[in-house]
Every structure is written in structure tokens, then in C-alpha cells.
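Down below is the structure, laid out as C-alpha cells.
Derivation of every value follows stated rules applied to the coordinates shown; laboratory data play no part. What you are looking at is a predicted structure, and each value in this text was computed from that prediction instead of being measured.
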Amino acid sequence: MDKESGSRRGLTFDPVCGGVILDSDLANQFFDGRRTHYFCCAMCRRLFLDERRARLKLEERQDLSRPPS
């Protein structure tokens, strides 16, 4: 991040559609606890979150179905 302006340097890409995000400060954002994801629009953010939620739910079910070690 640029300390003076607070904006990120370099190109940022939407992880859903691959669109280039020119100003990450104005982009739709989601922080997952480790990193911030940037999206070109609310629909791409929603698709990302829905897929992430489904993946986490599946992983949770797989963990519950494993026998204890």
C-alpha cells in the first residue's frame, strides 16, 4: 500500500471474472481473515462469497465424517 494515499500499487484483478480493478479503494471488497479480495462489482463479490460458503460447508462435513484419530 502507498502510505500517503492509502491505495494499493499495481494492478488488481477480480478473482471471479478476471476484470482489472483500477482503483482498489473503490472496489467491492471482502476480508477473509488473512487477505482482502477485490471485486469489480457486487455480483462478482456475491458469487465469490456463495462459492466460499459452500466450500467451507463441504469441508466442515468432510471433517465431521472422518473417524477420530
Fill in: Placed amide H near Asn28: partners under 5 Å, 5+ positions off or other chain
Phe39, Cys41
Worksheet item: Tell me, what are the semi-axes, in whole angstrom and largest first, of the equivalent ellipsoid of the chain as set by the roots of 5 times the Cα gyration tensor eigenvalues?
Response: 32, 15, 8
Worksheet, complete the sentence: Scoring the chain by relative contact order with C-alpha pairs under 8 Å, at least six apart, yields a percentage of 22 percent
